[in-house]
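First comes the structure, then the notes that go with it.
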Amino acid sequence: MSEPVDFIREIIRDDLAAGRFDRVHTRFPPEPNAYLHIGHAQAILLNYGIAQEFGGKFNLRFDDTNPEKESEEYVAAIKRDVRWLGADWEDREFYASDYFEQLYQWAEELIRKGVAYVCDLPPEELSRQRGQPIRDGDRIITPPGVDSPYRNRSVEENLDLFRRMRAGEFPSGSRTLRAKIDMAHPNLNMRDPVLYRILHARHHRTGDTWCIYPSYDWAHGQSDSIEGITHSICTLEFENHRPLYDWFLDQLGVHHPRQIEFARLNLTYTVTSKRLLLRLVQEGHVRGWDDPRMPTIAGIRRRGYTPEAIADFVRRIGVSKAESIREIELLEHCLRDDLNKRAPRRMAVLEPVKLVITNYPEGKVEEFDAVNNPEDPSSGTRVVPFSRELWIEEEDFREDPPPGFFRLAPGREVRLRYAYFVRCTGVVKDPSGRVVEVRCTYDPATRGGDAPDGRKVKATLHWVSASHAVDAEVRLYDRLFTVPDPLDVPEGEDWIGNLNPDSLVLLRGCKLEPCLGEVQAGEMFQFERKGYFCVDPDTKPGLPVFNRIVTLRDPWAKLQGKL
RNA sequence: UAGGGCGUAGCCAAGUGGCAAGGCAGCGGCCUUUGGAGCCGCCAUUCGGAGGUUCGAAUCCUCCCGCCCUAGCCA
């Protein structure tokens, strides 16, 4: 294990060495109330990766303790996503709801021990008594809480009330079961936290069996304990809860995992919060959870991101306790790095303009061999047809080329990839002055793309033979937000205002080389000079639909942005 | 002077008393039938700040500053 050792792996290694545990067992514990996002990918890969490296096990457990927000749809989506990332939970698919009865029994145990009681306080009163912060001049003081008037009920009364809670005798929200810890505790989580609330709601797995549901705090640690988890890895906000989980486990005298907290992943130009993503979906700012602009696993999968690239990204960002915002550029780098090695090259003209080679025989068709992937010789070659009329990229021709532009312009000579050198001899314009056709002549001696006299050209263009082209729809995706930190808005303004109006540019009538006529959803290609693209599930026979995954690095575009 | 965390380059991040790894971004250059890829070079006299201990401090001590989390019967 000379690979990167983060502080979590270090702790685990030390635990093993010290004999605190003799095995490693991790888990990923999502709540099925939304789709997973890129931040979860890090947690999944971290937990699964650790289990693998230490020869341990990895569980998938749904923390389904809030029936009002959860559903089977989310369960299914989450399983699909975790599997896609390559994390294998084998037969260990669990649910906190599997443990409801055990949790209930343990709650009775605490009551019998005199460390839990039924409280009749309404929500607002309960929260007030736990200790609201008070401003004292410049300081903020958190006063001690106030003991509930129900705190000293007898064990018998508590047991009776708790059982009647379970039996459904009381309305939702009317009572709670609370742990009796310390209302003056400096850690608010220790001020008699709620273990059970009454909720007459149908649960997606247990149906109407229960009308009281355990709080997350009461369910989470014990669920880990039941599963024999050794290392409960979670995000920073649960650090404050650790003393409470420790208290529960110690009171119960059961297996006690070690909890380790790390900083959640933040990414520039994106939001990673289930609540915020839910809003984007519900308000229709995107087409759904799997919209290719979404940072959800489902979204980036459809976009064309690969599990390998994501794993590489996660490996590179490491893990720490320092809160941070990662730059999206690193993710894009990992993607290009992965796709560069695996994506077959193709020629595709996205915004076509006609190129007519006036000295090329009409009706003649030549075929050229094109390399499928210069990074992978084993991927071989394919044949592309060439003829007198071609499509080239509109932006590859400029009537008045600016400084630094070395593509096609009147009088200029460029190479058509794999084919010939051509020199621009003129243009044809429509009445509005727009160039609708570029005319040129070719040099037969440059067949294949090299000039026998050794002369050079400064640019190589991609092209597609007009009569052989396949039409396609191409969806150009860009960042969903225009600013690095979308949530950073002036007081009173909505972060929705930071949405990028150009995050999706729809292109129809794109011209593809013929072999792209039959493709399967999910297939990925590099469209030379344009970027990496993948076939969208919306593809229909005769009309391929491609998503742009990410552009190629493009110094010229960058230069222009600065001009 | 609530409790719990965190501060090393633009963004991350190694570093665990012996003299600041690496990646991304950026900037130069080479090469190129993708302005892609690849290759080479540059990019912290200094680790939030100030003192102190030490032959020697990002690492140990003291004080200070800044940021984050918690105050749901959400997770």
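Just the number, please: carbon plus sulfur as a percent of the accessible area of the stretch A:167-315, 1.4 Å probe, no ligands or DNA/RNA counted. Let's see the in-between values first.
On the way: 2480 of 5210 Å².
Ligands and nucleic acids excluded, carbon and sulfur reach 48 percent.
Of the residues A:182, A:15, ranked by 1.4 Å probe accessible area with the largest first, the sequence reads A:182, A:15. Computed from the Cβ-Cβ distance with R0 of 56 Å, the FRET efficiency linking residue A:263 to residue A:154 stands at 0.80. Compared with the direct C-alpha span, the chain from residue A:287 to residue A:400 gains 36.7 nm at full extension, assuming 0.36 nm per residue.
Hey, any idea what the orientation-averaged projected area of the convex hull of chain A's Cα atoms comes to, in nm²?
On the way: hull surface 135.8 nm².
Projected over every direction and averaged, the Cα hull of chain A covers 33.9 nm².
The mean accessible area for residues of chain A, using a 1.4 Å probe and ignoring ligands and nucleic acids, is 45 Å² per residue. With the simple spin-label model, which puts each label point 7 Å out from Cα in the Cβ direction, the residue A:447 to residue A:5 separation comes to 6.4 nm. Nonpolar atom fraction for the stretch A:455-530, defined as the carbon and sulfur part of the 1.4 Å probe accessible area, stands at 47 percent.
Working out 0.36 nm times the residue gap between residue A:508 and residue A:540, then minus their Cα-Cα distance, what length gain in nm do you get to one decimal? Don't jump to the answer; show the numbers that get you there.
Details: separation 32, 0.36 × 32 = 11.52 nm, distance 1.40 nm.
Full extension of this stretch gives 10.1 nm more.
Pull up the cross-link candidates among the lysines for residue A:530, meaning alpha carbon to alpha carbon under 21 Å and not fewer than 8 places away within one chain. Within the straight-line cut-off, residue A:530 pairs with A:341, A:354, A:458, A:511, A:558, A:562. Peptides A:477-486, A:315-324 ranked from most to least packed by the mean count of surrounding Cβ atoms within 10 Å: A:477-486, A:315-324. Highest mean packing first, where packing is the average number of other Cβ atoms within 10 Å per residue, the peptides A:392-399, A:370-377, A:71-78 line up as A:392-399, A:71-78, A:370-377.
What percent do you get for the relative contact order of the stretch A:430-563 when only Cα pairs under 8 Å and 6+ apart count? Relative CO of the stretch A:430-563 lands at 23 percent.
Would you please put A:237-247, A:498-508 in order of how densely packed they are, using the mean number of other Cβ atoms within 10 angstrom per residue and starting with the highest?
Working: A:237-247: 16.5, A:498-508: 13.6.
Going by the mean number of other Cβ atoms within 10 Å, highest first, we get A:237-247, A:498-508.
For the stretch A:1-84, the relative contact order works out to 35 percent when only alpha carbon pairs closer than 8 Å and six or more residues apart are counted.
In whole angstrom, note down how far apart the Cα centers of the stretch A:517-563 and the stretch A:394-427 are. That distance is 23 Å. Working note: 222 nm ellipticity from helices only, DSSP H runs with n ≥ 4, each -39,500 (n - 2.57), summed and divided by the residues of chain A, gives -8000 deg cm²/dmol to the nearest 500. Site pair residue A:109 and residue A:371 shows an inter-label distance of 6.7 nm when each label is modelled 7 Å from Cα along Cα→Cβ.
Only protein atoms count toward the accessible area here, which uses a 1.4 Å probe; on the stretch A:1-154, the carbon and sulfur part of that area reaches 47 percent. If the segment from residue A:389 to residue A:209 were pulled out straight at 0.36 nm per residue, it would be longer than the present Cα-Cα gap by 57.7 nm. Relative contact order for the stretch A:234-368: 21 percent, from Cα pairs under 8 Å spaced at least 6 residues apart, divided by residue count.
The values are calculated or read from the model by the stated rules, or taken from the named source; none is laboratory data. These figures come from a predicted structure and were not determined experimentally. Note that we place each Cβ from the backbone using ideal geometry, even for glycine, and neighbour counts take in every protein chain shown. Each accessible area value is taken on the protein alone, full model and side chains, heavy atoms only, with ligands, DNA and RNA left out. Shrake-Rupley method; radii C 1.70, N 1.55, O 1.52, S 1.80 Å.
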